[in-house]
Each structure stands twice: as structure tokens, then as C-alpha cells.
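Colleague: I am attaching a structure below and will ask some questions about it afterwards.
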Amino acid sequence: MKVGIIGYEGSGKTTIFGALSGADPSLLGQQKQQIREVRVPDARIDALSAMYHPKKTIYAMIQFVDVMSGGGIGKGLDAGVLAKIREADLLAIVVRGFDNGYSAPDPKREAESMLSELLLSDMEIVERKVSRMQKEKASEQEKALFLKLQSNLESEIWLKDMGLDRSELDLLRGYQFMTLKPVIVLVNVDESEADEGHSEAVSARLGLKVPTFVLSARVESDIAQLPESDQAEFLADLGIQATARDRFIRASYAMLDLISFFTVGEDEVRAWTIKNGSTAQESAGRIHTDLAKHFIRAERMASADLLELGSEAAVRNAGKFRLEGKGYITQDGDILHIRANA
């Protein structure tokens, strides 16, 4: 999963990138793009690893991309920035919610301006396509679709809110439209508003149409540099239950409708990320394409049952070990062992 972090100058975007990714703030430069991959925290894989003592424990990973987004409101996103963030699965817009000593914060205006820029970038693509279709050969289905996109974008309706069906989405697959992506607004607030109680108040005050996530870049950056053993006490003093990174990753998984399943053994305990609703055969393909191609069955148990009962044998004796066919819908926390033809 790739999260693109964008924001206007002075929003604290790069500091937030450091807090979410764990990067040392002193090493963050002025490159056009910075990328850092971090593991997805999951207490279940920690417990499974403690049970199996594998040679390797492999967590699911999330990639944060900090894209330099130019100057202030109204200056627009250049083509290079747009090209980079089109590759992201989720867009995180950072807005200033703290007083910088020069001007009062206006996070709502910043967020709405950036959302408008994303919509306009899609509108330009659609308008060019509609213009070309008048000269080129295109199917009636494609013509009708792009005219519908144009009408909705002109009405400031995001493509993801149009209820496009599978065939329509397939036609749009290569375009990487911004307004088809889930978006979350990160409000960078002062240290005094870093607790989770203020988070709800700030979100309600903004009243945006997209999900809002409140954090203090300065506080979270300090936390990210602490040893994990010291972080819990620091968070408790601030009235925060978990780091912004952990809370943001959970929010991202929910927005993208992602879940995790596990493979376990003495060699490796590993978490795999899949779309909610994926079949056992599709989950097998996440491990290796050959496993999906030659799929026979999946041996399944719930990680919660294994951790509660203490062993695979106990799970079997309790009747909670199952053999599933290729159409079984993988559940969050499943442990799968895939049987396939050689």
C-alpha cells in the first residue's frame, strides 16, 4: 500500500512524513520526493511469532511518499507532482491547523483548495479525452462514460462517488484518476490540541466531506524518535492511546477496505494484505501466482482460536480447523495453508 502525502508550503507536511514514517527529521532534505517503507503494527503477528519462534517474521508494509507540492494556495500542483501522486493508493492532504506567528490557520480553506486542484486535474484529462473522441474511433460505451464523467466533474462530484460499475472502472483502469482515490485530510495542530479529545472537536469544526485525521507533527515527531519502551508513557501523559502512525495506518486500512491473513511455520511467520472480500484462491495468488493457478484447497484456522487454545493440535481437537475451497472468503486474521498441484 502506498500513501501519497501532499500539502501546501508551511503545512508541516515533511515533518508529518517523518512522524508517520519514523524518519529522522534532521535527515529530511528538499528532494522532490521522499519514500520510506514501514511495517504495519499488528499484535497478532507478534503473538504468532512468539508461539512459533520462526527464522523470519515478516510484517505487512506500508509505503509513505512525501511529494513536494509547491507553494501556497492557488499556485497549483505541477505536472511532476501530479504524476507522482497518481501512483498512490491513498492521498493524505496535510493542512495547517496551528498558528505560525504570521497568519491565522485556515485548514478548511487549504483542504478545499487542494481537493479542488485534484478535481481540476481529472477534469483536464477528461476534457482532452472527450475532445479526442470526436476525432478518433471510440466505442459508444466509452463515449457515454467520458461524457458522464465530464458532467459529474463539472458539478464537482468526485468519480468515486458516482457509483461506477465494474465495466466502467475497467475502462478507466489506466488513467489513475485522483478523484477515484480515497482521500484523508491530516490537520497539523498545535501541541495543546494533540490529545484525541481535541481531534473530534477539530474534525467537527471543519465539517469536510472527506475523513479528517488530527495530529501534532511536532509531538508525533518527538514520539517517533523515542525508544518504543518509552513511547507508551509519553503518550499516556498527553492523553493519546496510540501513536499517530498506528492510528493512521488503521484508518488507511479501513478506508481502502484491506485486511490481513497470515502464514505460519518454523521458517516464517508472515502477514499478507488483501482486499476485504478476497477468495481463498485470490489470497493464494497474493502469496504466489502458481498457488492460485494450481489451487486445490486452503487449510484454515482463525489466529484468535490458535492464540487462545495454544496449539494447532488444540484447534483441531476443538473442531475449529477447516478445509476450504477456492470460493471461500478469507476473513481478517485467518491463518491459511494453501494446498496446490505441483
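Colleague: Got a number for residues in region 42-62 being touching a Ser or Thr at 6+ places or on another chain (Cβ under 6 Å) and not polar (S, T, N, Q)?
Modeller: Of the residues in region 42-62, the ones touching a Ser or Thr at 6+ places or on another chain (Cβ under 6 Å) are 44, 49, 57, 60.
If we keep only those that are not polar (S, T, N, Q) too, we end up with 44, 60.
The number of residues fulfilling the criteria is 2.
Colleague: What tally of residues in region 266-307 results from selecting those that are assigned to a helix (DSSP H, G or I) and more than 27 Å from the chain's Cα centre (by Cα)?
Modeller: 5
Colleague: Follow-up. Can you name the residue in region 118-131 that is more than 22 Å from S203 (Cβ to Cβ) and under 22 Å from the mean Cα position of the chain (by Cα) and, of all such residues, is surrounded by the fewest Cβ atoms within 10 Å (Cβ to Cβ)?
Modeller: Selected residue: S121.
Colleague: Sticking with this structure for a sec: Look through region 183-207, keep the residues that are assigned to a helix (DSSP H, G or I) and at pLDDT 80 or above, and return whichever of them is surrounded by the most Cβ atoms within 10 Å (Cβ to Cβ). Spell out the reasoning first.
Modeller: Step one: list which residues in region 183-207 are assigned to a helix (DSSP H, G or I), which gives 191-193, 196-206.
Among the residues that remain, those that are also at pLDDT 80 or above are: 205-206.
On the way: R205: 13, L206: 18.
My answer is L206.
Colleague: For region 300-313, which residues satisfy the criterion of being closer than 12 Å to F262 by Cα and either among the charged types (D, E, K, R) or in contact with a Cys (Cβ under 8 Å, 6 or more places away or on another chain) (or both)?
Modeller: Within region 300-313, R300 is the sole residue that qualifies.
Colleague: Evaluate region 129-136: report whether one residue or more is hydrophobic (A, V, I, L, M, F, W, C), out of contact with any Pro (no Cβ under 8 Å at 6 or more places or on another chain), farther than 26 Å from V214 by Cα and assigned to a helix (DSSP H, G or I).
Modeller: Looking for residues that are hydrophobic (A, V, I, L, M, F, W, C), out of contact with any Pro (no Cβ under 8 Å at 6 or more places or on another chain), farther than 26 Å from V214 by Cα and assigned to a helix (DSSP H, G or I), one finds at least one in region 129-136, hence yes.
Colleague: Sort out which residues of region 85-113 are more than 13 Å from L206 (Cβ to Cβ), buried (at least 18 other Cβ atoms within 10 Å of the Cβ) and not small (G, A, S), and write them in order of number.
Modeller: Of everything in region 85-113, those that are more than 13 Å from L206 (Cβ to Cβ), buried (at least 18 other Cβ atoms within 10 Å of the Cβ) and not small (G, A, S) turn out to be I85, L90, L91, V94, F98.
Colleague: On the basis of being surrounded by 14 or more Cβ atoms within 10 Å (Cβ to Cβ), without any contact (Cβ under 8 Å) to a residue 60 or more places away in the chain, in a strand (DSSP E or B) and in contact with a helix residue (DSSP H, G or I) (Cβ under 6 Å, 6 or more places away or on another chain), does I335 make the cut?
Modeller: Working: surrounded by 14 or more Cβ atoms within 10 Å (Cβ to Cβ): yes; without any contact (Cβ under 8 Å) to a residue 60 or more places away in the chain: no; in a strand (DSSP E or B): yes; in contact with a helix residue (DSSP H, G or I) (Cβ under 6 Å, 6 or more places away or on another chain): yes.
Here the answer is no, as I335 does not meet what is asked.
Colleague: While we're looking at this one, here's another question. Give me a count of the residues in region 54-78 that are modelled with pLDDT of 90 or more and either loosely packed, with under 15 Cβ neighbours inside 10 Å or over 28 Å from T273 (Cβ atoms) (or both).
Modeller: Count: 3.
The values are calculated or read from the model by the stated rules, or taken from the named source; none is laboratory data. Please read these numbers as outputs of a predicted model, since none were measured by experiment. We place every Cβ from the backbone using ideal geometry, glycine too, and count neighbours over all the protein chains shown.
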